[in-house]
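The values are calculated or read from the model by the stated rules, or taken from the named source; none is laboratory data. Because the structure is predicted, anything quoted here is derived from the model rather than measured. Counting neighbours? That spans all protein chains shown, and the Cβs are built from the backbone with ideal geometry, glycine included. Protein only, heavy atoms only, side chains kept; ligands, DNA and RNA dropped before computing areas. Shrake-Rupley method; radii C 1.70, N 1.55, O 1.52, S 1.80 Å.
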Amino acid sequence: MTAAHPAAPALAPTPDAGPDAGPSPRRRLPAALALAVTAALLVSRFGAADPTTWLLETVWVMAGLPLAILLRHRFPLSGLLCALLAAHALVLIVGGHYTYAQVPAGDWVRDWLGWDRNPYDRFGHLMQGFVPAVLVRELLVRTSPLRGSRWLAPLTVCACLAFSAVFEMLEWLAAVTGGEAADAFLGTQGDAWDTQWDMFCALVGAVCALLLLSRLHDRALARLDRARPAATT
């Protein structure tokens, strides 16, 4: 008479197994970031230093956030990119609320370092290159044959510089049409080379993003590729 083999223990379901399993933290992250950005945007409107500047600075958030939400199933973004876009949105919102030349944190840095101008606009343009570099890289990796190509990084930087140049032309248009009323939006603070500095900061930001985040971004994209088939089944 042979001994009965003990029944194999049932495997516990994985967090993503079954339709009743709740969403993973990675899936909840974009929703939490979207709510945080929306709340910050609404709060920033109250007491804004210049309503026109607030609108011009935050219109990118008003356009980009609904677009990302509408495309979240068709073209979900990596968690890294969502976090960076939220950070960039907060930078724009703060700049729109105070105007870039009057952001208190920038005043503190100016006084601490003994500078002549509020550097928050430089930081804003650094972010204008840093975050779009990851966005452009993600779009190129997922929609073009450039994944793994040596041309991926140079073309990403070129796209960021092109966007920065377009933004400077929009500022020029605002100066021509708005006159002195556009001074708060331009935020030159008397610097004759402000336009060149802005584009240079965007260039530095784009290069730094690629040097610092490319491997991390590749891992985020790999996680996204693994999650997408599970989400569609």
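Name, by its number, the condition in (1) surrounded by 15 or more Cβ atoms within 10 Å (Cβ to Cβ); (2) among the aliphatic types (A, V, I, L, M); (3) farther than 23 Å from Q196 by Cβ that does not hold for L70.
Every listed condition holds for L70 apart from (1).
Only one of (1) more than 24 Å from H125 (Cβ to Cβ); (2) in contact with a helix residue (DSSP H, G or I) (Cβ under 6 Å, 6 or more places away or on another chain); (3) of a type outside the set (K, R) fails for G47. Which number is that?
(2)
Output the residue which, of all residues in region 92-130 that are of a type in the set (G, A, S) and over 16 Å from L56 (Cβ atoms), is nearest to the chain's Cα centre (by Cα).
G129
Taking only pairs six or more apart or across chains, which ones have beta-carbon atoms under 7 Å, a first residue in region 195-215 that is more than 25 Å from S78 (Cα to Cα) and among the acidic types (D, E), and a second residue that is in a helix (DSSP H, G or I) and open to solvent by less than 30 Å² (accessible area, probe 1.4 Å)?
Once the first residue is more than 25 Å from S78 (Cα to Cα) and among the acidic types (D, E) and sits in region 195-215, its partners that are in a helix (DSSP H, G or I) and open to solvent by less than 30 Å² (accessible area, probe 1.4 Å) give D198/H125; D198/S164; D198/E168.
Before we move on, is R215 at pLDDT 95 or above, open to solvent by 70 Å² or more (accessible area, probe 1.4 Å) and assigned to a helix (DSSP H, G or I)?
yes
Among the residues of region 73-86, how many are outside any loop (DSSP other than H, G, I, E, B) and open to solvent by 30 Å² or more (accessible area, probe 1.4 Å)?
Counting residues in region 73-86 that are outside any loop (DSSP other than H, G, I, E, B) and open to solvent by 30 Å² or more (accessible area, probe 1.4 Å) gives 4.
Kindly evaluate A89 against the criterion of being of a type in the set (A, V, I, L, M), under 19 Å from the mean Cα position of the chain (by Cα) and open to solvent by 60 Å² or more (accessible area, probe 1.4 Å).
Spelling it out, it is not the case that A89 is of a type in the set (A, V, I, L, M), under 19 Å from the mean Cα position of the chain (by Cα) and open to solvent by 60 Å² or more (accessible area, probe 1.4 Å).
Given R27, R45, which one is at pLDDT 90 or above, of a type in the set (K, R), open to solvent by 40 Å² or more (accessible area, probe 1.4 Å) and more than 17 Å from the chain's Cα centre (by Cα)?
Of the residues listed, the single one that is at pLDDT 90 or above, of a type in the set (K, R), open to solvent by 40 Å² or more (accessible area, probe 1.4 Å) and more than 17 Å from the chain's Cα centre (by Cα) is R45.
Among the helices (runs of 4 or more DSSP H) lying completely within region 98-197, list those that include at least 3 residues that are open to solvent by 20 Å² or more (accessible area, probe 1.4 Å), among the small types (G, A, S) and at pLDDT below 95.
152-178
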